[in-house]
Amino acid sequence: MLPRSAFRRLPMPPPAPPSRHAIRLRVNGTPHELEVESWTALLDLLRDHLDLTGTKKGCDHGQCGACTVLVDGVRVLSCLSLAVMHDGREVTTVEGLAHGDQLHPLQEAFMQHDAFQCGYCTPGQLCSAVGLASEGHAKSLDDVRELMSGNLCRCGAYAQIAQAVAQVVLGPGPHASEVARSAWIAGTTVNARGARAGEEPA
Ligand code: FES
Ligand code: FES
């Protein structure tokens, strides 16, 4: 058996520098030239590099929709999307929806319908709804509910959110009469007419 001293410690190679990539993004109309690591998520780029903290990190696993932003007008879960994949793209976050003091019609509708409580999911809900509106697939309140189903709301403001989105996407119409029914079906304690769960809506 060789003595310990026979083994020379080999010098370790220096750690490789993290691979960084230069990318260009337009975010809410402002051009940015950035250097990012290949593993940087779009969500972290927005929040940590550009200080756009309106976009929220909920689950960080693609399951809650809190991180939804628009890339070239298409809704994207920014926690699951690498920043380098979006080189040259136009990103819109909740901070970019209003024009100056003029709120986006969906923001107005959310306020009008009281479509939030804590507000944590709201930026993602709004961006998702903007994407839904331009997709053109929603033809009914049920479609709106289905197409917004990737955006969770822990406060349970679903009935109001669906109503606000429907007002903008489908136009003012018969959705109001469906609010009581949807609240009823969702099992909320009191429907829009004040009836308690377990009773037939008047
Ligand atoms: S934080 Fe991205 S889906 Fe939940
Ligand atoms: S308003 Fe609180 S999570 Fe949706």
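The values are calculated or read from the model by the stated rules, or taken from the named source; none is laboratory data. Quantities reported herein were computed from a predicted structural model and do not represent experimental measurements. Positions of Cβ are generated from backbone atoms using ideal geometry, with glycine treated the same way; all protein chains shown enter the neighbour counts.
May I ask you to verify whether residue 93 is in contact (Cβ under 8 Å) with a residue 24 or more places away in the chain and more than 16 Å from ligand 2 (Cβ to nearest atom)?
yes
Taking the options 25, 34, 10, 46, name whichever one is part of a loop (DSSP other than H, G, I, E, B) and either more than 16 Å from residue 121 (Cβ to Cβ) or within 14 Å of ligand 1 (Cβ to nearest atom) (or both).
That would be 10, the only listed residue that is part of a loop (DSSP other than H, G, I, E, B) and either more than 16 Å from residue 121 (Cβ to Cβ) or within 14 Å of ligand 1 (Cβ to nearest atom) (or both).
For residues in region 51-79 being of a type in the set (Asp, Glu) and away from ligand 2 (no atom under 16 Å from the Cβ), which is farthest from residue 24 (Cα to Cα)?
The extreme case among them is 51.
Answer yes or no: is there a residue in region 24-34 that is at positive phi and either more than 16 Å from ligand 2 (Cβ to nearest atom) or at pLDDT 95 or above (or both).
Scanning region 24-34, I find at least one residue that is at positive phi and either more than 16 Å from ligand 2 (Cβ to nearest atom) or at pLDDT 95 or above (or both), so the answer is yes.
In this structure, does residue 130 turn out to be surrounded by 13 or more Cβ atoms within 10 Å (Cβ to Cβ) and free of Cβ contacts under 8 Å to residues at least 60 places away in the same chain?
Judged against the criteria, residue 130 is not a match.
Yes/no matrix, rows are residues, columns are (1) over 20 Å from residue 28 (Cβ atoms); (2) assigned to a helix (DSSP H, G or I); (3) not small (Gly, Ala, Ser):
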residue: 118; (1), (2), (3): yes, no, yes
residue: 127; (1), (2), (3): no, yes, yes
residue: 132; (1), (2), (3): no, yes, yes
residue: 142; (1), (2), (3): yes, yes, yes
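Select from region 49-85 the residues that are under 11 Å from the mean Cα position of the chain (by Cα) and part of a helix (DSSP H, G or I) and write down the one among them that is surrounded by the most Cβ atoms within 10 Å (Cβ to Cβ).
Filtering region 49-85 for residues that are under 11 Å from the mean Cα position of the chain (by Cα) and part of a helix (DSSP H, G or I), the one surrounded by the most Cβ atoms within 10 Å (Cβ to Cβ) comes out as 78.
Do you know which residues across region 70-84 are farther than 18 Å from residue 37 by Cβ and either near ligand 1 (Cβ under 10 Å from one of its atoms) or free of Cβ contacts under 8 Å to residues at least 40 places away in the same chain (or both)?
Hits for region 70-84 are 71, 72, 76, 77.
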